[in-house]
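Enquirer: Let me give you the structure first, and then I'll get to my questions.
The values are calculated or read from the model by the stated rules, or taken from the named source; none is laboratory data. Note that this is a predicted model, so its numbers are computed, not measured. Cβ placement follows ideal geometry from the backbone for every residue including glycine, while neighbour counts extend to all protein chains displayed.
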Amino acid sequence: MRNALFLLGAVALAAAFTSGCAGPEQKLGRGISNSAEIIRGGEWRRSVEQTAVFDSPEAGRTVGFVSGFNRTMARTGVGLYEIVTFPFPPYHPIFTSYLSPHPAFPDNYRPGLPDDPLYDTHTYVGIQGGDIAPLIPGSRFQVIDN
């Protein structure tokens with residue numbers, strides 16, 4: 001009986017922290033997105049690209065690489081922090097003087113919605129597409145590009 005009351009109290013406390021507010025949901029979603037940055041590598045690619053364009057191609061391969069690594073680790077750390085602290089305020093994005101609150105992409109690639117039945121109506125006539133290798137950094141080839 002004592003264990004059931006403890007479990008019920010823990011569930012009620014968790015429900016009180018997370019229900020009725022969009023803040024915890026947004027913070028958790030932002031944290032999951034940011035913590036996946038180490039796999040996605042968008043900050044890394046953007047730093048290499050921007051350094052190569054504005055400084056020099058040689059600097060892009062060296063300085064941009066190191067800068068991108070630092071920004072990727074910072075975004076991953078912020079994401080893990082937001083996952084752990086999502087039930088507690090503040091719910092606004094943190095560390096925005098260094099990182100944007102939204103995921104970074106290189107300027108030469110902006111992803112769109114994938115071509116699948118969830119988003120497109122042309123699939124009902126038998127046409128399907130999407131990214132060939134979306135998990136591989138630098139893969140920009142799509143079967144059907146709108």
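Enquirer: Please verify whether P111 is at pLDDT 70 or above, assigned to a loop (DSSP other than H, G, I, E, B) and closer than 16 Å to G41 by Cβ, treating the condition exactly as stated.
Expert: Spelling it out, P111 is indeed at pLDDT 70 or above, assigned to a loop (DSSP other than H, G, I, E, B) and closer than 16 Å to G41 by Cβ.
Enquirer: Which ones in region 1-40 are modelled with pLDDT under 75 and β-branched (V, I, T)?
Expert: Within region 1-40, V11, T18 meet the criteria.
Enquirer: Out of the residues in region 44-86 meeting the condition of being among the hydroxyl-bearing types (S, T, Y) and out of contact with any helix residue (DSSP H, G or I) (no Cβ under 8 Å at 6 or more places or on another chain), tell me which one is farthest from P103 (Cα to Cα).
Expert: S56
Enquirer: Right, here's the next one. Any chance region 54-64 includes a residue that's more than 30 Å from L13 (Cα to Cα), under 16 Å from the mean Cα position of the chain (by Cα), exposed (fewer than 15 other Cβ atoms within 10 Å of the Cβ) and not small (G, A, S)?
Expert: No, region 54-64 contains no residue that is more than 30 Å from L13 (Cα to Cα), under 16 Å from the mean Cα position of the chain (by Cα), exposed (fewer than 15 other Cβ atoms within 10 Å of the Cβ) and not small (G, A, S).
Enquirer: Would you say F69 is modelled with pLDDT of 85 or more and at positive phi?
Expert: When the stated conditions are applied, F69 does not pass them.
Enquirer: Still on this model: I need a count of the residues in region 48-73 that are outside any helix (DSSP H, G or I) and in contact with a Ser or Thr (Cβ under 6 Å, 6 or more places away or on another chain).
Expert: 0
Enquirer: Restricting the first residue to region 4-15 and requiring it to be more than 18 Å from P87 (Cα to Cα), which pairs with a second residue that is at pLDDT 75 or above and surrounded by 10 or more Cβ atoms within 10 Å (Cβ to Cβ) meet a Cβ separation below 8 Å and a spacing of at least six or different chains?
Expert: Nothing qualifies.
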